[in-house]
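Okay, structure first, notes after.
The values are calculated or read from the model by the stated rules, or taken from the named source; none is laboratory data. This one's a predicted model, so the numbers in the text were calculated from it and none came from an experiment. For neighbour counting, all protein chains shown are included, and Cβ atoms are generated from backbone atoms with ideal geometry for every residue, glycine included.
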Amino acid sequence: MANSFSRFISSVFGNSVSKPNAQAAGSPWPDGLQYLFIEPSKKDVWEALDGWKWIGLDGLEPTAVSVFGDIFFRAPDGSVKLLDMIGGRLTHVSETWPALIAQLADPDRRDELLLAGLAAAARKKGLVLADGECYDFETPPVLGGEMSAKQIEKTLFVVKVHIAGQIHRQVKDLPHGTKINKVTIGDR
């Protein structure tokens, strides 16, 4: 198991950006789930995470990225945490990587963690991701946008994740239901 995990880390954070390959030897994903992940470079992941420094990522190692830009991390104790771009939260999702893979066999859990139904709808609309891209919503749900297939668009992974971090930092302490009239986005 540790050997396949190492191969997965190398495939995600190798020197080149590549598309997930369903036929790749040692693929960490169960058959048919590769389309739910992207493979940005390590540099792009860390650049994107610059907007999330406030959430406390110390000691966590990025391990996988969903097509919606959500980032799975391996904690020092081997547990798996998820940085959720929609909810703006870092949450514990599994005690181990193999336990996460087992969870993804459940369609409801797959939809909860990876927005699998929306990803399939985006592909059905003809939105096929190129290198460096991920899916996003026209208006972020945290700002009142609708989470529906008709609102999905392609965007640059680094830009989406960085901006999502800035937005969530600005709204995290507001009372639920607060009307947001203005969001300020900076370059750092």
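I'd like the full set of residues that are among the basic types (K, R), more than 17 Å from G51 (Cβ to Cβ) and modelled with pLDDT under 95, limited to segment 151-188.
K179, K182
Among the residues of segment 73-119, the ones that are under 18 Å from I38 (Cα atoms) and touching a residue at least 24 places away in the same chain (Cβ under 8 Å) come to 15 in all. Out of segment 60-73, which residues are crowded, with 19+ Cβ neighbours inside 10 Å and either at pLDDT below 95 or in a strand (DSSP E or B) (or both)? P62, T63, A64, V65, S66, I71, F72, F73, listed by residue number.
Considering L113, L143, L127, L118, the condition of being over 15 Å from the mean Cα position of the chain (by Cα) and modelled with pLDDT of 95 or more is satisfied by L127 alone.
Against the definition (at pLDDT below 95 and over 22 Å from A149 (Cβ atoms)), how does A102 come out, yes or no?
yes
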